[in-house]
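Trainee: Pasting in a structure now, in structure tokens, and then I'll have a few things to ask.
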């Protein structure tokens, strides 16, 4: 015959069993949370660093901003906005140009504006065909890099802010190699030239404050990974 316990003793035994189980569950929960935290700490994502992107860290500045441009009008806006960014930081915050690291990425249809006037004069037709751009003064093929001139007024989005003007502010360009190669291909097809030679000619024409990057979209990504805020123009 089973041994009988007084009701009070049975209650104490039951409560002790319940408390033991609850304590075990609590310990499991705490241990699980600690394990999850440890796993999160060991697997925390960090961007990989590549030597070819180190130029982004060599630009002096307490604040970092990158403009992503893909069209002629987009580049015009970026030039105007970048100049305004520099001006506002100088007048309202007392910062110098050297306190601001600003990069304008030119890719896709904005890429050719990184090339010299000589390139535009020489290859005007194929460049215009590739980027679908005309000189707004006469609606004809542009035979010069219009963003090198400050007298277009409201005909361009840059509000008279030229490439040379932003370079003097310390702003730098990131020029898409992929788009440059594609442009060289279009020019070669139109002129009968060699792609490699034309590509080298285009690269040689960019200004000293410009950087050839593997692809403009990659430069946009790498800049953000290195602390640059993104502005789309």
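The values are calculated or read from the model by the stated rules, or taken from the named source; none is laboratory data. Not measured: the values here are computed from a predicted model. Every residue, glycine among them, receives a Cβ derived from its backbone with ideal geometry; neighbour counts consider all protein chains shown.
Trainee: Under the condition of being touching a helix residue (DSSP H, G or I) at 6+ places or on another chain (Cβ under 6 Å) and in a helix (DSSP H, G or I), which residue from the stretch 211-233 is nearest to residue 80 (Cα to Cα)?
Mentor: It comes out as 223.
Trainee: OK, next. Run down 191, 180 and say which single residue is within 22 Å of residue 78 (Cα to Cα) and in contact with a helix residue (DSSP H, G or I) (Cβ under 9 Å, 6 or more places away or on another chain).
Mentor: None of the other options fit; the residue is 180.
Trainee: I'd like to check something: does the stretch 67-87 contain any residue that is more than 22 Å from residue 113 (Cα to Cα), modelled with pLDDT of 95 or more and either out of contact with any strand residue (DSSP E or B) (no Cβ under 7 Å at 6 or more places or on another chain) or assigned by TED's automatic domain parsing to the domain that holds residue 112 (or both)?
Mentor: yes
Trainee: Determine, yes or no, whether residue 200 is outside any strand (DSSP E or B) and in contact with a strand residue (DSSP E or B) (Cβ under 8 Å, 6 or more places away or on another chain). Steps first, answer last, please.
Mentor: On the way: outside any strand (DSSP E or B): yes; in contact with a strand residue (DSSP E or B) (Cβ under 8 Å, 6 or more places away or on another chain): no.
No, not satisfied.
Trainee: Sticking with this one: Using beta carbons and a limit of 9 Å, which pairs, at least six apart or on different chains, have the first residue in the stretch 196-224 and under 11 Å from residue 174 (Cβ atoms) and not assigned by TED's automatic domain parsing to the domain that holds residue 109 and the second one crowded, with 17+ Cβ neighbours inside 10 Å and at pLDDT 95 or above?
Mentor: Filtered contacts from the stretch 196-224: no entries.
Trainee: Kindly provide the set of residues from the stretch 100-119 that are out of contact with any helix residue (DSSP H, G or I) (no Cβ under 7 Å at 6 or more places or on another chain) and surrounded by fewer than 20 Cβ atoms within 10 Å (Cβ to Cβ), ordered by number.
Mentor: Those that are out of contact with any helix residue (DSSP H, G or I) (no Cβ under 7 Å at 6 or more places or on another chain) and surrounded by fewer than 20 Cβ atoms within 10 Å (Cβ to Cβ): 116, 118.
Trainee: Among (1) within 22 Å of residue 229 (Cα to Cα); (2) in contact (Cβ under 8 Å) with a residue 24 or more places away in the chain; (3) more than 24 Å from the chain's Cα centre (by Cα), there is one condition residue 104 misses while meeting the rest; what is its number?
Mentor: Result: residue 104 fails condition (3) only.
Trainee: If residue 173 passes every condition in (1) under 23 Å from the mean Cα position of the chain (by Cα); (2) buried (at least 20 other Cβ atoms within 10 Å of the Cβ); (3) more than 12 Å from residue 113 (Cα to Cα) but one, which one does it miss?
Mentor: That leaves (3) as the condition not met.
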